[in-house]
1. Around Q138, which amide H atoms from residues at least 5 apart in sequence, or from another chain, sit under 5 Å from its own amide H, with H modelled in the peptide plane?
2. Exposure proxy check: H172, H135 ranked by fewest other beta carbons within 10 Å?
3. Give me the percent relative contact order of the range 65-132, please, defined on Cα pairs under 8 angstrom at least 6 residues apart.
4. So for E171, E52, E214, E78, fewest C-beta neighbours within 10 Å to most, what's the order?
5. Going by how many other beta carbons lie within 10 Å of each one, how would you line up R143, R56, R84, fewest first?
6. In whole angstrom, note down how far apart the Cα centers of the range 110-146 and the range 32-103 are.
7. Give me Rg/Rg_expected for the range 38-165, where Rg uses Cα atoms only and Rg_expected = 2.2 N^0.38 Å with N residues.
8. Just add up the charged neighbours of V184: K/R +1, D/E -1, any other residue whose Cβ is under 13 Å from the Cβ of V184.
Amino acid sequence: MLKRVLVGAMLCVAVAATTASAQVPRISITGLFGWTFADGVSGDNFLTSDGEIYNRVDPQDSVHFGFSGGVFVNPQTEVGFLYRRQMTKLDISGSNTRTLGDLNIDNYHGYFAYYFGDPDGKVNPYFLGGFGATHFSQVNFTRPSGIAGVVNSGTQFSTVWGTGLRLNANEHFGFKVGLNWTPVYIKSDATGWWCDPYWGCYVVGNAQYANQLELFGAVTFRFGS
């Protein structure tokens, strides 16, 4: 799945480059660093050997870092690829809260961004949207009984939505401050039956998403005309 996401993002950049003007396209490279407020999902009650009941898993809030590379198809529109990693820990909770172990969350997204105002101005508000995948690393832990356990890694479809400000020091260098929201589809819980005279009856579910809300600052470099 990650290969398909990367190929899709590369195709977006390639198409953008070929549809830009005959001039050398403007390329943007950004390095970012920030803080992520993260949450997970709930599930069925699970009784462990220590007598506690757990029914929820959540990543801890922590720092993240990443980069993006994009091509401007016109002075205000950019398409590209965005990567972020959050290095955190995984908690389970219910009647008690327990930290299982280290967890890395990697986000891979192709994106579209639109910058408002004068492209050569000092400040440009922007909006960003994209789609791709989020990968959760394997988590190794020790059960209350002392036996080793593992939470398997997994990759899920996700989207990213963001807004912020681009602050231009000059035409080739600047900064960004912004906010990204990444909802990651995890599972659906059955909530009942829905019946229709034509289509018949089927189970309906309530989708659960793990959310990441990222506050970040970034340094940007732009090349080309």
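1. So Q138 has HN proximity to S153.
2. Taking fewest neighbouring Cβ atoms as first place, the list is H172, H135.
3. Once divided by the residue count of the range 65-132, the mean separation gives 27 percent.
4. Sorted ascending by nearby Cβ count, the order is E171, E52, E214, E78.
5. R143, R56, R84
6. About 11 Å separates the Cα centre of the range 110-146 from the one of the range 32-103.
7. Cα Rg divided by the expected 2.2 N^0.38 Å: 1.41.
8. -2
No value in this document is a laboratory result; all are computed from the given coordinates. Since the model is a prediction, treat every value here as computed from it, not as a measurement. Methodologically, a virtual Cβ is constructed for each residue, glycine included, from the backbone with ideal geometry; neighbour enumeration extends over all protein chains shown.
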